[in-house]
Amino acid sequence: MEEKISIWQGDITQVEVDAIVNAANKSLLGGGGVDGAIHQAAGPELKEACKKLGGAETGEAKLTEGFNLPAKYVIHTVGPVYRDGKHEEDKLLESCYRSSLGIAKKHHLKSIAFPAISTGIYHYPAEEAAQIAIHTILDFLEKQTSEITVILVAFDQRTENLYRKILKNIDTEE
Ligand code: ADP
């Protein structure tokens, strides 16, 4: 199963896939971090497309075209702001991955790249977030018998190491 997930370190705006996922905020009108980078690279048409979406709730995901990006589409999802771990942050983060994959499946997309949602400005602890990302993706691919190829994009070495460690542990458990 794990061969369906690969890890790549770098800037998600450069990844050539059917869809990249944006860690957006509820307005879906752009922001800092990966959101800012995606809007910058996609060009102003992305913001115009986002205006028509009418925002999104935490855990939801919505689709636009990719405009000037190498990716055909952008799936905008709103990660939870991490407070203390007692405000359903885990369920909401899981919902981001699940909703994004659901949209990809619905639109017959074959490849999707995720950033480490909520682990920047939204302060989700990196290791917990990586665990949720990988387990949710594997569960989705298994239960939905989905043929989607998933790329986990790590912006820094620490995130890449975390993803590799978690996938390796899953491999040895089997
Ligand atoms: P959030 O508000 O959901 O925390 P951020 O954009 O602040 O979103 O951070 C989410 C993750 O995306 C962080 O791990 C950050 O290092 C990473 N990130 C920032 N810019 C990029 C980029 N251009 N490509 C891939 N990942 C990025």
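Nothing in this text is a laboratory measurement; each read-out follows from the coordinates by a stated rule. For clarity, every value in this text was computed on a predicted model and none was experimentally measured. For neighbour counting, all protein chains shown are included, and Cβ atoms are generated from backbone atoms with ideal geometry for every residue, glycine included.
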Say R0 is 35 Å: what FRET efficiency, to the nearest 0.05, do residue 147 and residue 40 get from their beta-carbon distance?
-> 0.65
In degrees rounded to 10, the 0-90 angle between helix 33-42 Cα long axis and the longest Cα principal axis of the chain is 50 degrees
Figure the gain on full extension for residue 168 and residue 156 (residue separation times 0.36 nm, minus the Cα-Cα span) and round it to one decimal in nm.
-> 2.5 nm
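With the contact rule set at Cα under 8 Å and sequence spacing of 6 or more, what percent relative contact order holds for the chain?
The value is 29 percent.
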Over the chain: helical MRE at 222 nm, DSSP H runs n ≥ 4 each giving -39500 (n - 2.57), nearest 500 | -13000 deg cm²/dmol
Using alpha carbons only: equivalent-ellipsoid semi-axes of the stretch 8-150, gyration tensor based, whole Å | 21, 18, 14
Residues 76, 87 in order from fewest to most other beta-carbon atoms within 10 Å are 87, 76
Could you work out how far helix 157-173 tilts from the main Cα principal axis of the chain, as a 0 to 90 degree angle to the nearest 10?
-> 40 degrees
The pairs in 105/143; 4/47; 105/168; 26/62; 4/72; 62/91 lying past 22 Å Cα-Cα in this model are 4/47; 105/168
